[in-house]
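> Sharing a structure below in structure tokens format, with a few things to ask.
The values are calculated or read from the model by the stated rules, or taken from the named source; none is laboratory data. Here the structure is a predicted model, which is why all the values come from computation and not from measurement. We place every Cβ from the backbone using ideal geometry, glycine too, and count neighbours over all the protein chains shown.
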Amino acid sequence: MRPRIILSLARKEIISTLRDTRAIVSNLVIPLVLVPVMMIGMPLLLGSLFEREQVTVTNVGVVGEANVPQELRAAFTAANLALEPVTDADQAVRDGTVDVAVVIPGGFEAMLAGGGSATVEVHSKVGNMKSELNTSKVQQAFSDYQSRVVAGRLSAAGLDASVLRPVTVRTVDASSQAERSSGQLSWLIPFFIAIWTLTGGQMTAIDATAGEKERGTLEVLLVAPVRRAEVVAGKFIATMTFGLSAALMAILGIVIGGAVMGSLIVPRLGEGASGMVNIMGGSIALTPTIVLALIVSALLLSAFVSALLLGIAMFARSFKEAQSYVAPLSFLFILPAVALQFKDLIGLSDSVFYVPVLNVLILMDNVVRGVGTGREALITWGVMLVAVLLLLRFALRNFKRESVIFRS
Amino acid sequence: MPARRPGQFRNARAAFGRPGLTEASANIAGVNELVSVRGISKAFGTVKAVDDLTFDVAASEVFGVLGPNGAGKTTTLRIIATLLAPDAGTATVAGHDVVKDAERVRATIGVVNGGMGLYDRLTGREILHYFGGLYGMRSAAIEARIAELDQLLQLGDTLSRRAGGFSTGMKQKVVIARAVLHDPQVIFFDEATSGLDVVARRAVIDFVKAYPSAGRAVVYSTHVMSEVEELCDRACIIYRGRKIAEGTIAELAAQGDGKGLEEAFFRLVNRYDTSRGVAA
């Protein structure tokens, strides 16, 4: 292996890709722009919607409007709810007249005043975020009203309200600062990095393999006094350069997005919105150690993807055919990355760190949430390194096989 | 040997007639056969593409490999160019075995094929620097060689423009420049004129005529009889993977009873089919 030849091969592929505007936009510009936009935009959008729904006076359909006691009306008003008489609760919710409707039975107030109990119905669309949000406001209003009724009854019996709450439950968030700030969307970070590792290297890998075949330049290249291992090494370095640079852009996007969110946007939000933004991971802040661990993981992931892309794309006879071969590879990242959000429920054992790709995705998720360990990192990186070497052997084998080079 | 026609590459013999640039070309002294093929065979599955083929190419000659499409010409050339390994037989280029010493063989040869493939996003100069680097040439040596080839092939604009915008003629100039950049002892032309217009085709033919010298040879593979008649000193005819005739162009044409090489070709093919019991 001669470094000068390898660098010459890599340099040509890099120059070729750099001169393709589409590749630069999709590799470098889009991750840098899209990641912060998604990081800031999504939590901000959901946070502001949540806050708006909290403060906006919402109409609630009511069947039996005349049966609503004055105190319940006051509770509804306090929860920013306005009663709107309807004849059919289900129909009113279904046709969108209101997001939520309640049914108050006749003699409701009298039943409660007599010390009895009554049942009210709350009709909503389960799965509809707006409907569920307003349902929680309605439930809050009923809960407040119920507390007043109970307090009245206890008072009449000469008892204090605290008699009903002998035990006070106080929940304390035991998660670390990193876990709290990464919120529920921490899995998006390994997802972004993995996806851009793939899309970043894809064009170069295909151009350097199937593209060479299609143009008729592969034969001329292989007739030059270069060794196949040098050809693979040069093309691998070029592919990895773009895969890694796209992933680095995504990491930079995450850092920028987190900084903008934490310093400029969250402080200006109301309590409700900033709470929602935090839950969605909008206040994420990556320390230098976390960034370094992400970079090492991205480096190994892009090496894995580059070797895999070269090995697979070499089979194809044309650029188009190669694209159809590598397209399903995105599922290799999308499915595990999406499954990461249910990681706590699945209860993964330590053996997952021996599974290439899955291990690096989980490690990145753990690192972002501040729960990654050095042992996990070493196992993951070691396994990925071995996998990269095996895939490079696979790619080299394909570059040596006559049936692959001259496949027609 | 057919008379050389004046043309675009009329000065090429003088340009190529100086000592070779590569180490490999210095090793050629004393080797008469630049290419030696001995009983090579190659099968793809059940199809025998090349069957027990033997021929030699001497220094200073243009050797034709003539045959219809699918006869095994490209497979033969790919074996000699080290891209395919023969199932049986041996081949050497400038004394180097194509299997055991493939890298040295590759340093000794140049290839021009019909695809005229170039890297669209690189300029002609960048393409030549890229390949020069792969042949172990230093940047200054590549620049000096580009200057020579610019004079010889009139590369002109092709050096500074990206290949994606090249006309067929421009492409063909850079493809040839790329093939001779390292001053190879043997150049293989494989259906190199297919798809070219009349001007570009003539340029290739003039170049092939001018290239051979004391230490160099050309192997010219084609199915076009007129090109073989005009260019080649000797040729072999390949049919169904086998060599069915070999000799000077005059010797081959004589088998056509004065009706030319094409008639001779069909007679030889028919005779072969008859001997094998194949319907013509």
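> Would you point out which residue out of B:94, B:102, B:49, B:85 is within 10 Å of chain A (Cβ to nearest Cβ), in contact with a Ser or Thr (Cβ under 7 Å, 6 or more places away or on another chain), more than 30 Å from residue A:203 (Cβ to Cβ) and modelled with pLDDT under 95?
Details: B:94 fails: within 10 Å of chain A (Cβ to nearest Cβ); B:49 fails: within 10 Å of chain A (Cβ to nearest Cβ); B:85 fails: in contact with a Ser or Thr (Cβ under 7 Å, 6 or more places away or on another chain).
So the residue among B:94, B:102, B:49, B:85 that is within 10 Å of chain A (Cβ to nearest Cβ), in contact with a Ser or Thr (Cβ under 7 Å, 6 or more places away or on another chain), more than 30 Å from residue A:203 (Cβ to Cβ) and modelled with pLDDT under 95 is B:102.
> Being away from chain B (no Cβ under 14 Å) and not in a loop (DSSP other than H, G, I, E, B) is the requirement here; does residue A:136 meet it?
yes
> If you don't mind, there's one more thing I want to ask. Residue check, residue A:361 against (1) of a type outside the set (S, T, N, Q); (2) modelled with pLDDT of 95 or more; (3) more than 30 Å from residue B:78 (Cα to Cα), all met but one. Which one?
(2)
> If a residue counts only when it is more than 30 Å from residue A:14 (Cβ to Cβ), which strands (runs of 3 or more DSSP E) contained entirely in region B:35-142 have at least 3 such residues? Step through it out loud before you land on a result.
Working: elements: B:47-58, B:62-66, B:88-93, B:109-113.
Where strands (runs of 3 or more DSSP E) fall fully within region B:35-142 and carry at least 3 residues being more than 30 Å from residue A:14 (Cβ to Cβ), they are B:47-58, B:62-66, B:88-93.
> What is the residue count in region B:154-196 for residues that are in contact (Cβ under 8 Å) with a residue 40 or more places away in the chain and among the small types (Gly, Ala, Ser)?
Total meeting the criteria: 7.
> Out of the residues in region A:122-169 that are surrounded by 14 or more Cβ atoms within 10 Å (Cβ to Cβ) and acidic (Asp, Glu), which is nearest to residue A:105 (Cα to Cα)?
Here the answer is A:144.
> Just one of B:89, B:72 is more than 25 Å from residue B:210 (Cβ to Cβ) and without any contact (Cβ under 8 Å) to a residue 60 or more places away in the chain; which is it?
Working: B:72 fails: without any contact (Cβ under 8 Å) to a residue 60 or more places away in the chain.
After ruling out the rest, the residue left standing is B:89.
> Here's a follow-up. Can you tell me which of (1) under 26 Å from residue B:95 (Cα atoms); (2) in contact with a Gly (Cβ under 8 Å, 6 or more places away or on another chain) is the one residue B:200 doesn't meet?
Here residue B:200 meets the rest and fails (1).
> Specify which of the listed residues (B:97, B:120) is touching a residue at least 24 places away in the same chain (Cβ under 8 Å), of a type in the set (Asp, Glu) and under 23 Å from residue A:231 (Cβ atoms). Before the answer, list the steps.
Working: B:97 fails: touching a residue at least 24 places away in the same chain (Cβ under 8 Å).
Sole residue among the options that is touching a residue at least 24 places away in the same chain (Cβ under 8 Å), of a type in the set (Asp, Glu) and under 23 Å from residue A:231 (Cβ atoms): B:120.
> State all residues of region B:110-120 that are facing chain A (nearest Cβ under 7 Å) and within 11 Å of the chain's Cα centre (by Cα); if no residue qualifies, say none.
B:111, B:113, listed by residue number.
> Give all pairs with beta carbons closer than 7 Å in which a residue from region A:35-59 that is modelled with pLDDT of 75 or more meets a residue that is basic (Lys, Arg) and in a helix (DSSP H, G or I); count only pairs at least 6 apart in sequence or on separate chains.
Qualifying pairs under 7 Å: A:58/A:137.
> Might you check whether a residue that is among the aromatic types (Phe, Trp, Tyr), surrounded by 14 or more Cβ atoms within 10 Å (Cβ to Cβ), over 26 Å from residue A:52 (Cα atoms) and touching a helix residue (DSSP H, G or I) at 6+ places or on another chain (Cβ under 8 Å) occurs anywhere in region A:98-119? It would help to see each step written out before you state the result.
If we filter region A:98-119 for residues that are among the aromatic types (Phe, Trp, Tyr), which is where we start, we get A:108.
Cutting the leftovers down to surrounded by 14 or more Cβ atoms within 10 Å (Cβ to Cβ) gives us A:108.
Subsequent filtering for residues that are over 26 Å from residue A:52 (Cα atoms) retains A:108.
Now restrict to residues that are touching a helix residue (DSSP H, G or I) at 6+ places or on another chain (Cβ under 8 Å): A:108.
There is at least one residue in region A:98-119 that is among the aromatic types (Phe, Trp, Tyr), surrounded by 14 or more Cβ atoms within 10 Å (Cβ to Cβ), over 26 Å from residue A:52 (Cα atoms) and touching a helix residue (DSSP H, G or I) at 6+ places or on another chain (Cβ under 8 Å).
> Can you name the residue in region A:211-270 that is basic (Lys, Arg) and not in a loop (DSSP other than H, G, I, E, B) and is also farthest from the other protein chains (Cβ to nearest Cβ) among such residues? I'd like the intermediate steps shown before the answer.
Taking region A:211-270 and keeping what is basic (Lys, Arg), we get A:213, A:215, A:227-228, A:235, A:268.
Then keep just the ones that are not in a loop (DSSP other than H, G, I, E, B); that gives A:213, A:215, A:228, A:235, A:268.
On the way: A:213: 9, A:215: 4, A:228: 10, A:235: 13, A:268: 47 Å.
Taking the candidates together, the pick is A:268.
> Continuing with the same structure: Give the residues of region B:250-264 that are within 14 Å of residue B:64 (Cα to Cα) and either in contact with a Leu (Cβ under 7 Å, 6 or more places away or on another chain) or exposed (fewer than 13 other Cβ atoms within 10 Å of the Cβ) (or both), sorted by residue number.
B:250, B:252, B:253, B:261
> Scan (1) within 14 Å of another protein chain (Cβ to nearest Cβ); (2) touching a Ser or Thr at 6+ places or on another chain (Cβ under 8 Å); (3) surrounded by fewer than 17 Cβ atoms within 10 Å (Cβ to Cβ) for the single condition residue B:125 breaks and write down its number.
Against the list (1) within 14 Å of another protein chain (Cβ to nearest Cβ); (2) touching a Ser or Thr at 6+ places or on another chain (Cβ under 8 Å); (3) surrounded by fewer than 17 Cβ atoms within 10 Å (Cβ to Cβ), residue B:125 comes up short only on (3).
> Name the single residue, out of those in region A:368-408 being within 14 Å of another protein chain (Cβ to nearest Cβ) and not in a helix (DSSP H, G or I), that is nearest to residue A:305 (Cα to Cα). Give the steps one after another, and end with the answer.
Going through region A:368-408, the residues within 14 Å of another protein chain (Cβ to nearest Cβ) turn out to be A:399-408.
Subset that is not in a helix (DSSP H, G or I): A:401, A:406-408.
Details: A:401: 21, A:406: 24, A:407: 23, A:408: 26 Å.
Once the filter is applied, the top-ranked residue is A:401.
> If you take the residues in region B:129-183 that are buried (at least 17 other Cβ atoms within 10 Å of the Cβ) and among the polar types (S, T, N, Q), which one is farthest from residue A:226 (Cα to Cα)?
Selected residue: B:158.
> Can you pull out the residues in region A:2-22 that are among the hydrophobic types (A, V, I, L, M, F, W, C), facing chain B (nearest Cβ under 9 Å) and within 15 Å of residue A:205 (Cα to Cα)?
A:9, A:15, A:18, listed by residue number.
> Among the residues of region B:63-70, is any away from every other protein chain (no Cβ under 12 Å) and among the aromatic types (Phe, Trp, Tyr)?
In the first step, residues of region B:63-70 are kept if they are away from every other protein chain (no Cβ under 12 Å); the result is B:63-70.
Now drop any that are not among the aromatic types (Phe, Trp, Tyr), which leaves B:63.
Yes, region B:63-70 contains a residue that is away from every other protein chain (no Cβ under 12 Å) and among the aromatic types (Phe, Trp, Tyr).
> Cβ contacts < 8 Å: first residue outside any loop (DSSP other than H, G, I, E, B), restricted to region A:142-160; second residue among the acidic types (Asp, Glu), any location; separation 6+ or different chain. Result?
Once the first residue is outside any loop (DSSP other than H, G, I, E, B) and sits in region A:142-160, its partners that are among the acidic types (Asp, Glu) give A:145/A:71; A:148/A:71; A:149/A:71; A:154/A:160.
> Continuing with the same structure: Could you go through region B:199-209 and let me know if any residue there is basic (Lys, Arg), within 19 Å of residue B:59 (Cα to Cα) and either within 14 Å of the chain's Cα centre (by Cα) or part of a helix (DSSP H, G or I) (or both).
Applying the first criterion (basic (Lys, Arg)) to region B:199-209 yields B:201-202, B:209.
Then drop every residue that is not within 19 Å of residue B:59 (Cα to Cα), which leaves B:209.
Imposing the further condition that a residue be either within 14 Å of the chain's Cα centre (by Cα) or part of a helix (DSSP H, G or I) (or both) reduces the set to B:209.
Yes, there is a match, as at least one residue in region B:199-209 is basic (Lys, Arg), within 19 Å of residue B:59 (Cα to Cα) and either within 14 Å of the chain's Cα centre (by Cα) or part of a helix (DSSP H, G or I) (or both).
The rows are residues; the columns are (1) modelled with pLDDT under 90; (2) buried (at least 18 other Cβ atoms within 10 Å of the Cβ); (3) touching a Ser or Thr at 6+ places or on another chain (Cβ under 9 Å).
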{"position": "A:297", "(1), (2), (3)": "no, yes, yes"}
{"position": "A:305", "(1), (2), (3)": "no, yes, yes"}
{"position": "A:331", "(1), (2), (3)": "yes, no, no"}
{"position": "A:341", "(1), (2), (3)": "yes, no, yes"}
{"position": "A:373", "(1), (2), (3)": "yes, no, no"}
{"position": "A:388", "(1), (2), (3)": "no, yes, yes"}
{"position": "A:404", "(1), (2), (3)": "yes, no, no"}
